[in-house]
Amino acid sequence: MAKQQPAPSTPAPPSKNQWLSTFVLRIAGYGLLLLTLVDTLALLIPPQLQDPAWELETIGSLVERSPVPLIGFALVISGGRRFRQSLDRFCFQVIPGLAIIIGVIYCLMIPLGISDSLRLGRQNQTTSAALVKQAADIKNLEQRLSEAPAAEVAEWAQKFQPQLTEGRDQETIKAGVLGQLKSNLASLQSQINRASGQPAQLRKQTIKWLVGALIAGLSFLYIGNTARKFPNVRTR
């Protein structure tokens with residue numbers, strides 16, 4: 001006598017605890033996305049387009065904040081199309097496209113960031129050259145005045161730095177002028193040293209932010225594409 005095949009078991013209906021846990025996760029996800037929206041608007045307003053420093057700093061800020069919306073999207077799509085009603089169902093239809101758009105934006109940040117980095121590098125070279133020239137001019141002036149008579153230095157100071165001549169004799173004026181030039185030269189040298197270290201720091205930050213933009217962009221694209229493929233199941 002042939003054995004009777006057991007009837008296929010039907011999946012148990014979702015429990016209330018499952019619905020509540022999924023609902024809480026999605027509420028947290030929507031909250032993170034709304035907070036990200038507010039934070040992004042505060043970051044972008046007012047815009048300073050064509051300013052490479054602002055654009056690159058903004059890219060860096062968006063990349064460093066990207067984990068929050070990534071977690072938000074992941075929480076919102078948890079459970080797929082299950083346990084969704086009215087407004088949540090409508091939002092879920094928008095989420096895949098929104099994630100894909102954000103992913104594309106993050107990917108487009110990469111060429112913009114490279115362009116901004118190159119522009120900042122050229123600006124830094126121009127600034128460094130101007131500082132070096134200014135330091136050379138001050139050094140030449142200091143050497144010339146140090147060799148000049150005190151009377152000539154006092155006459156020069158009367159024209160260009162009269163605040164150093166009030167109630168002072170010529171020797172004191174000369175010493176004050178040379179001291180001021182040494183102080184200015186030291187300040188310029190400090191600026192030159194900072195400017196010389198900026199290219200390496202700029203490259204490091206740019207690479208970090210652009211790699212982050214690539215990772216975030218691909219992650220958003222993957223989330224959006226995955227959310228589109230969830231089966232159309234609407235169980236409560």
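Considering only residues that are buried (at least 16 other Cβ atoms within 10 Å of the Cβ) and modelled with pLDDT under 80, which ones fall in region 157-178?
Hits for region 157-178 are A157, L164, T165, Q170, I173, K174.
If the Cβ limit is 8 Å and pairs must be 6+ apart or interchain, which residue in region 207-218 that is touching a residue at least 12 places away in the same chain (Cβ under 8 Å) and under 16 Å from V68 (Cβ atoms) pairs with which residue that is in a helix (DSSP H, G or I) and open to solvent by 80 Å² or more (accessible area, probe 1.4 Å)?
Pairs found: G212/E64; G217/I105.
Please identify the pairs in which a residue from region 11-29 that is on the phi < 0 side of the Ramachandran plot and at pLDDT 85 or above has its Cβ atom under 6 Å from the Cβ atom of a residue that is part of a loop (DSSP other than H, G, I, E, B) and surrounded by 14 or more Cβ atoms within 10 Å (Cβ to Cβ), counting only partners at least 6 apart or on another chain.
L25/S78
I want to confirm something. Restricting to region 188-201 and keeping residues that are open to solvent by less than 60 Å² (accessible area, probe 1.4 Å) and over 13 Å from T126 (Cα atoms), which single residue is modelled with the lowest pLDDT? First the steps, then the outcome.
Just the residues of region 188-201 that are open to solvent by less than 60 Å² (accessible area, probe 1.4 Å), to begin with: 188, 190, 192, 195, 197, 199-200.
Among the residues that remain, those that are also over 13 Å from T126 (Cα atoms) are: 188, 190, 197, 200.
Working: L188: 84, S190: 85, G197: 79, A200: 85.
If we take residues in region 188-201 being open to solvent by less than 60 Å² (accessible area, probe 1.4 Å) and over 13 Å from T126 (Cα atoms), then G197 is modelled with the lowest pLDDT.
Does region 157-169 contain at least one residue that is aliphatic (A, V, I, L, M), in a helix (DSSP H, G or I) and farther than 30 Å from R203 by Cα?
Yes: region 157-169 contains one or more residues that are aliphatic (A, V, I, L, M), in a helix (DSSP H, G or I) and farther than 30 Å from R203 by Cα.
Keeping to region 99-139, report how many residues are closer than 27 Å to S187 by Cβ, open to solvent by 40 Å² or more (accessible area, probe 1.4 Å) and hydroxyl-bearing (S, T, Y).
The first filter runs over region 99-139 and keeps only residues closer than 27 Å to S187 by Cβ, leaving 119-139.
From what is left, the residues that are open to solvent by 40 Å² or more (accessible area, probe 1.4 Å) are 119, 122-123, 125-127, 129-130, 132-134, 136-137, 139.
Within this subset, residues satisfying the condition of being hydroxyl-bearing (S, T, Y) are 126-127.
Number of matching residues: 2.
Please enumerate the residues belonging to region 140-151 that are in a helix (DSSP H, G or I) and either exposed (fewer than 14 other Cβ atoms within 10 Å of the Cβ) or in contact with a Leu (Cβ under 6 Å, 6 or more places away or on another chain) (or both). Spell out the reasoning first.
Applying the first criterion (in a helix (DSSP H, G or I)) to region 140-151 yields 140-147, 150-151.
Correct list: N140, E142, Q143, R144, S146, E147, A151.
Of all residues in region 25-48, how many are over 22 Å from G103 (Cβ atoms) and in contact with a helix residue (DSSP H, G or I) (Cβ under 9 Å, 6 or more places away or on another chain)?
Of the residues in that region, 2 qualify.
Output the residues belonging to region 41-98 that are in a loop (DSSP other than H, G, I, E, B), open to solvent by less than 30 Å² (accessible area, probe 1.4 Å) and without any contact (Cβ under 8 Å) to a residue 60 or more places away in the chain.
Residue satisfying the conditions is S78 alone.
Please state which one of K204, K182 is open to solvent by 100 Å² or more (accessible area, probe 1.4 Å), touching a residue at least 40 places away in the same chain (Cβ under 8 Å) and not hydrophobic (A, V, I, L, M, F, W, C).
Selected residue: K182, the only one of K204, K182 that is open to solvent by 100 Å² or more (accessible area, probe 1.4 Å), touching a residue at least 40 places away in the same chain (Cβ under 8 Å) and not hydrophobic (A, V, I, L, M, F, W, C).
Pick from L33, L37: which is farther than 22 Å from Q205 by Cβ, open to solvent by 60 Å² or more (accessible area, probe 1.4 Å), aliphatic (A, V, I, L, M) and in a helix (DSSP H, G or I)?
Details: L33 fails: open to solvent by 60 Å² or more (accessible area, probe 1.4 Å).
Unique residue meeting the criteria: L37.
The values are calculated or read from the model by the stated rules, or taken from the named source; none is laboratory data. Here the structure is a predicted model, which is why all the values come from computation and not from measurement. When we count neighbours, we look across all protein chains shown, and the Cβ atoms used for this are built from the backbone with ideal geometry, even at glycine. All accessible areas refer to the heavy atoms of the entire protein, side chains included, with ligands and DNA or RNA removed. Shrake-Rupley method; radii C 1.70, N 1.55, O 1.52, S 1.80 Å.
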